[in-house]
1. Only one of (1) aliphatic (A, V, I, L, M); (2) touching a Leu at 6+ places or on another chain (Cβ under 6 Å); (3) modelled with pLDDT of 95 or more fails for ILE60. Which number is that?
2. Can you tell me which residue in the stretch 69-91 is nearest to the chain's Cα centre (by Cα), limited to those that are of a type in the set (Asp, Glu) and surrounded by 12 or more Cβ atoms within 10 Å (Cβ to Cβ)?
3. Within the stretch 60-87, track down each residue that is small (Gly, Ala, Ser) and under 11 Å from GLY248 (Cα atoms).
4. Please enumerate the residues belonging to the stretch 229-252 that are farther than 14 Å from GLY67 by Cβ and assigned to a loop (DSSP other than H, G, I, E, B).
5. What are the pairs, 6+ residues apart or on separate chains, where a residue within the stretch 209-228 that is over 15 Å from ALA110 (Cβ atoms) has its Cβ under 8 Å from a residue that is modelled with pLDDT under 90?
6. If you scan the stretch 278-319, which residues turn out to be part of a strand (DSSP E or B) and without any contact (Cβ under 8 Å) to a residue 40 or more places away in the chain?
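The values are calculated or read from the model by the stated rules, or taken from the named source; none is laboratory data. Model, not experiment: these values are computed from the prediction. We place every Cβ from the backbone using ideal geometry, glycine too, and count neighbours over all the protein chains shown.
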Amino acid sequence: MKMEAVTEGVPLKPKRKLPPRGVLMLGAALVVGTGGYVYIHSAKASATTDNAYVKTDVTIVAPRVRGHVAEVLVGDNQPVKAGQILVRLDPEEYAARLASAQGDLAIADAAIASAEAALNRLGSEEQMAVAEVREAETGIRAADAEATRAKADWVRYDALLKTGYAPRRDADRIQTQAVAAAAAADKTRATLAVSRSQAGVTASRRGELIAAIAQAKAQRQKAAAALDLARQDQQHVDIRAPVAGVVGDRQANVGDYVQPGSRLLVVNPLDRLYITANFKETQTARMLNGQAAKVKVDALPGVVLKAHVESFAPGTGSEFALLPFEPGVGNFTKIVQRVPVRLRFDPGQADVAKLRPGLSAKVTVELDGA
């Protein structure tokens with residue numbers, strides 16, 4: 001005999017109806033579409049890259065003159081001020097060069113003074129020569145007049161002598177006077193010729209002395225320039241910090257012999273830090289100067305720094321590589337290029353002082369409003 005279980009007072013649950021398959025598919029499509037829309041529009045609203053690094057304009061400190069390192073006045077990681085002496089070279093050689101240049105300048109000054117004094121003396125000699133010429137010319141006129149008068153007397157007395165109206169003694173005396181007057185006139189002419197020749201010599205010497213003075217002044221200018229360079233070289237034995245910052249990569253040691261341009265150390269101006277972010281070329285279409293950015297530095301987890309786009313490099317990174325990319329050589333494989341973008345930190349952020357050049361970062365640039 002079969003037993004039947006009878007349940008009284010317990011209502012049966014109705015069976016749950018599932019929505020139609022079309023409704024499910026529509027809901028799924030809406031979810032996917034909404035997610036895609038959000039993703040696409042959020043992607044367009046910002047551009048992100050983790051190919052970014054903290055940078056600064058590193059200043060390489062190098063000597064402008066050669067010499068032995070006498071003192072190294074700073075150490076690695078030491079803050080320095082602009083103008084502070086970092087390294088000092090041995091000054092003895094440059095002190096001697098300065099003294100030599102000062103001596104050369106004094107010699108040039110003495111040469112100018114000597115030539116100018118000679119020119120002044122020549123001026124006096126020229127005045128004397130002119131006076132002598134004038135005196136000789138006056139003497140010639142007087143001597144010629146005397147010679148003419150004496151010759152006329154001689155002609156007259158000679159005629160009287162022939163007619164017997166003048167004694168021989170008077171005629172001889174007049175003849176002697178005529179000869180002496182002619183000789184005196186010739187002597188005066190010779191003196192005039194000498195005076196004129198002397199005047200010509202002084203005129204020639206004037207040109208020579210003027211040229212000598214010009215040459216001496218040129219030598220003085222050269223000596224003055226050499227003295228100025230010697231003073232600069234003496235000042236350059238003290239190698240100073242061109243900017244304020246922190247010393248790094250110190251290679252200078254006491255006793256080293258250094259040449260102009262050789263690297264001694266670097267100064268990092270930590271108050272001028274910036275970010276270089278290498279964005280893909282496809283990310284830069286709507287990127288503009290001044291757009292806001294968020295920077296996360298690996299060395300500061302959990303810290304978000306504010307920055308803004310400052311400038312774009314004039315070419316992709318490959319254009320400035322040691323071996324530039326040559327797409328026309330060999331087989332071509334298209335590679336997405338990266339554009340270096342410089343971002344400047346916004347002021348008033350204390351955490352920026354903790355950064356150091358070379359640290360890795362992740363940058364997100366807000367493209368809204370572009």
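1. Answer for ILE60: the failing condition is (2).
2. Result: ASP90.
3. Scanning the stretch 60-87 gives a single hit, GLY75.
4. Scanning the stretch 229-252 gives ALA241, PRO242, VAL243, ALA244, ASP249, ARG250, GLN251.
5. Once the first residue is over 15 Å from ALA110 (Cβ atoms) and sits in the stretch 209-228, its partners that are modelled with pLDDT under 90 give LEU209/ALA115; LEU209/ALA118; LEU209/LEU119; LEU209/LEU122; ILE210/LEU119.
6. Residues satisfying the conditions are HIS308, GLU310, SER311, PHE312.
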